Amino acid sequence: MALVEAGRPRSGLDGTDEGDASAFHGGHTSRPRSILDYERLDRWSNAAYDDIRGTPDAEVIAANLRATSRLDGSVGFSVQEISRIRKHIFFEEHPLSDYDGGIVHRRYDASPDMAEAWLRLRSGNPRPEDIVLLEHEWAEASYYDAHPGATYEEAHHAANVVSNWQNQIPAPTYEDYSAPWR
């Protein structure tokens, strides 16, 4: 729904690309094409996160980005920075607001957009928006490190001041988490 609200163009009424057979019977390890099939999209996102968690890739991503310009004027991301971002996104528990107004500590929910960005980064096919995501997540992780006890809202707001990825999320590229990338 967020993609529809963001005005992302779709050729089919159900969010699929007309004429693409995989849009109708599933891609299994590729992102589902229907943005309205929330259950399949959620299953794919969680499976992609599991695959990402199970395959160390910080060195590959850092090598893929060695000539990438950074917001601070530097070039490239170090293996340590990518490792910290990876830990932050996929492994750490964060203080998140619950529906009752309290705080729960858990991992971030799997996001199909973040999963696709990570898959593009490790395959060496990043989009400019994927770099914006890395800068955002680096800023968010750094905020948590510098402010123990900070809430997600505080860290996310501070990161958005540095790099606002949520306003630049690219259209899906239908990545396949089982595709070779080394």
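What are the chymotrypsin sites (Phe, Trp or Tyr not before Pro) within the stretch 82-182 that DSSP puts in a loop, where the Cβ has at most 14 other Cβ atoms within 10 Å? Answer in residue order: 91, 99. Secondary-structure-derived ellipticity at 222 nm for the chain, considering helices only, amounts to -14000 deg cm²/dmol, per-run term -39500 (n - 2.57) for DSSP H runs with n ≥ 4. Distance between the pseudo-spin-label points of residue 66 and residue 103 (7 Å out from Cα toward the beta carbon): 4.1 nm. Taking every alpha-carbon pair under 8 Å whose residues sit at least 6 apart, the chain reaches a relative contact order of 22 percent. Counting 0.36 nm for each residue step from residue 91 to residue 47 and taking away their Cα separation leaves a gain of 14.4 nm. Rounded to the nearest 10 degrees, what's the angle between the helix 152-162 long axis and the longest principal axis of the chain, both from Cα atoms, 0 to 90? It is inclined by approximately 90 degrees.
Among 96, 41, 134, the largest mean-square fluctuation in a Gaussian network model of the chain (Cα springs under 10 Å) belongs to 96. In this label model, residue 74 and residue 182 are separated by 2.7 nm, measuring between points 7 Å along each Cα→Cβ vector. The label-point distance for residue 37 and residue 174, in a model that sets each label 7 Å from Cα toward Cβ, rounds to 1.1 nm. The overall shape of the stretch 14-167 is oblate: from the C-alpha gyration tensor, with semi-axes ordered a ≥ b ≥ c, the ratio a/c is 1.5 or greater and a/b is no larger than b/c.
Only the coordinates and a few stated rules stand behind these numbers; no lab work does. These numbers were taken from a predicted model, which means no experiment stands behind them. Here the Cβ is made from the backbone with ideal geometry for all residues, glycine too, and neighbour counts use every protein chain on show.
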